[in-house]
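To start, the structure itself, in C-alpha cells.
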Amino acid sequence: MNWRRLWAIVIKELRQMRRDRVTLAMIVGIPVIQLVLFGYAINTNLRGLATGIADQANTAGSRALVMDMLATGVVAPVAKADTPQELMAMIRGGDISIGIVVPPDFERRRIDGRELAQVLVDGSDTAVQGAAAQLAQVPIDSAVPDTRAPMTSTPAGGRISVVAFYNPQRRSAVNIVPGLIGVILTMTMVLFTAIAIVRERERGNMELLIATPLTRSELMVGKVLPYVAIGLVQTSVVLALGMWLFDVPIRGSLLDVYLASSLLILANLTLGLLISTRAQSQFQAMQMMIFVFLPSILLSGFMFPFAGMPKLVQWIAELLPLTHFLRLIRGVMLRGAGLWEMWGDVLALATFTLVMMALAILRFRKRLD
C-alpha cells in the first residue's frame, strides 16, 4: 500500500466531488430537508380539519355546542349545510373531512338526556378518525330553560356520536394501498424519463437523433408515450394485489381510477424529462430524482396527515403531483366519488403536466454540448 498514491486518489475524488454541484447539494441538502420536514412540517396531532356544519336546531344551546367543538381546534368550519345529506356529498367529494349534525329537536334531546349531535367522519383517512374522536368528549352545558334540569357542565360521553364512513374498521391497508399506486408511479416514472436523454448521450445515440428531422416536441412526446403503458400496467398490478391480498374496495368507477393514474403518470414523466435536460449523467439524474421523491412521499399525505402540516408547507405540497393524485385515488376508490367532483385536483395535474412538458421542450437542444 503506497500512501502517496492513495492520498492522490483521495484528493482526486474530493476535487471531482467539488465540481459536481448536484452531489454537493445532496451532501448538505438531504440532511437539511429531512431535519426541516420531520421537525417542522410533519405533525401527527391534527388541527384545523375542514368541517361542514348542519345546525338544524339553530338555538342558543346548539350554537353553544358547535362553538365548544370549534374551540377544541380540531375542526375548522369551511361550509354550512341544511341537511346531513349535503354534508355527506361534501365528504364524498373531498371538500370536507368532518361533518357536524345537530338535529332539529336538539333542546328536547338535551332535556331527555339523549344523543345531541352526530360527527360524520371521512374514514378513508384513519388519522382523521382518531382526531374526530376527541369531539365526542366535549363537555356539554346541561343548563336548559327548564327548572327540572341542574345548572351543571357534564362530559359528553355517549351524547355525541362519531360515525366513520368508508373505512369504519380503520384498516390501514385500505388507506395505504391506493396511496401506494401514486408512490410507485412517482418513483418509477420520474426515474425512467430522468435518465432518458442522458442515456442517449452516454450511448452515443444523440448523434443519430440530431441527424433526424425530428423536432424537439416530437422527441419529447415520443419519449413519454411508451412509459404511459408501463405505468398503467403497474397500476393494474397494485390494484389486483390490493383487492386480492387486502380486500381493498373500488367503490367508484374503474375508468376513473385509470384516468387519475394516467394524469399522475404524465405529470411524473414530464417532470422526469425536465430533469433529464439538466442532468449530465444517469447517476446525477437519479440524485436529482431523490430531491423530488423525498418531499413527495413525506408531504403529500401518504405517510403523514396532510392536515397536520403548517399552512406554508401545505402550499408547497400543493405543487407536488402526488398530493393531488392521493386525493383523487382515495376519493374514487374509497368514497366512490367521480373525477368531476374533484375537478380542482384534475386541473392541477393537467396544468403541471403542460408546464413541465413546455419547460422540457424549451430546455432541450438537439446538439451534443
As a test of reading the structure, rank Met356, Met1 by solvent-accessible area (1.4 Å probe, protein chains only), most first.
Met1, Met356
Computed over the chain, protein heavy atoms only, probe 1.4 angstrom, the accessible area per residue in square angstrom equals 50
What figure, in Å² to the nearest 10, do you get for the accessible area of Asp82 with a 1.4 Å probe and non-protein molecules left out?
110
Explain nothing, just compute: Karplus ³J(HN,Hα) = 6.51 cos²θ - 1.76 cosθ + 1.60, θ = phi - 60°, for every residue of segment 328-341 in order, whole Hz, x for Gly and Pro.
5, 5, 6, x, 6, 6, 9, 9, x, 7, x, 4, 5, 6
Quick one: if you stick a label point 7 Å off each Cα along the C-beta vector at Ile11 and Arg170, how many nm between them?
6.3
Tell me, which longest segment in the chain has none of the trypsin sites (Lys or Arg not before Pro) that fall in DSSP loops with at most 16 further Cβ atoms within 10 Å?
252-364
Out of (i) 58, 30, 17; (ii) 51, 24, 16; (iii) 48, 22, 17, which label holds the value of semi-axes √(5λ) of the Cα gyration tensor in Å that was computed here?
(ii)
Using a simple charge model, +1 on the beta-carbon of Lys and Arg, -1 on the beta-carbon of Asp and Glu, nothing else, what dipole does the chain show about its Cα centre, in debye to the nearest 20?
1760
Please give the contour-minus-distance gain from Arg47 to Ala71: 0.36 nm per residue of separation, less the Cα-Cα distance, rounded to one decimal in nm.
7.5 nm
Paramagnetic reach from Leu214 in segment 256-294 [backbone N under 15 Å; point 7 Å along Cα→Cβ]:
273-274, 276-277
Which sequence of Ser300, Ser281, Ser172 reflects their accessible areas, 1.4 Å probe, from the largest down?
Ser172, Ser281, Ser300
Once the piece of chain linking Met303 and Val162 is laid out straight, how much longer is it, given 0.36 nm per residue of separation minus the C-alpha distance between them?
48.3 nm
Residue order for Asp68, Asp247, Asp122 - accessible surface, 1.4 angstrom probe, largest first
Asp247, Asp68, Asp122
Provide the solvent-accessible area of Val163, counting protein heavy atoms only and rolling a 1.4 Å probe, rounded to the nearest 10 Å².
50
Comparing Leu322, Leu347, Leu191, which has the greatest mean-square fluctuation in the GNM of the chain with Cα pairs linked when under 10 Å apart?
Leu347
Pairwise label distance in nanometres, Gln85 with Leu294, each label 7 Å out on the Cα-Cβ vector:
5.1
If you fit an axis through the alpha-carbon atoms of helix 254-278 and take the longest principal axis of the Cα set of the chain, what angle between them do you get, 0 to 90°, nearest 10?
40
Carbon and sulfur atoms: what percent of the 1.4 Å accessible area of the chain do they account for?
65
Please give the helix 3-19 orientation as an angle from the longest Cα principal axis of the chain, in degrees from 0 to 90, rounded to the nearest 10.
60
Residue-wise, which Karplus ³J(HN,Hα) couplings in Hz belong to segment 68-75, taking 6.51 cos²θ - 1.76 cosθ + 1.60, θ = phi - 60°, and x for glycine or proline?
5, 5, 5, 5, 5, x, 5, 10
Lys/Arg Cβ at +1, Asp/Glu Cβ at -1, dipole of the chain taken about the Cα centre: which of Ala60, Ser217, Ile250 is farthest positive-ward?
Ser217
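FRET efficiency for Ala240 and Leu312, Cβ-Cβ distance as r, R0 = 35 Å, nearest 0.05?
0.35
The values are calculated or read from the model by the stated rules, or taken from the named source; none is laboratory data. Model, not experiment: these values are computed from the prediction. Neighbour counts run over all protein chains shown; Cβ positions are idealised from the backbone, glycine included. Calculation scope for accessible area: heavy atoms of the full protein, side chains included, ligands and nucleic acids excluded. Shrake-Rupley method; radii C 1.70, N 1.55, O 1.52, S 1.80 Å.
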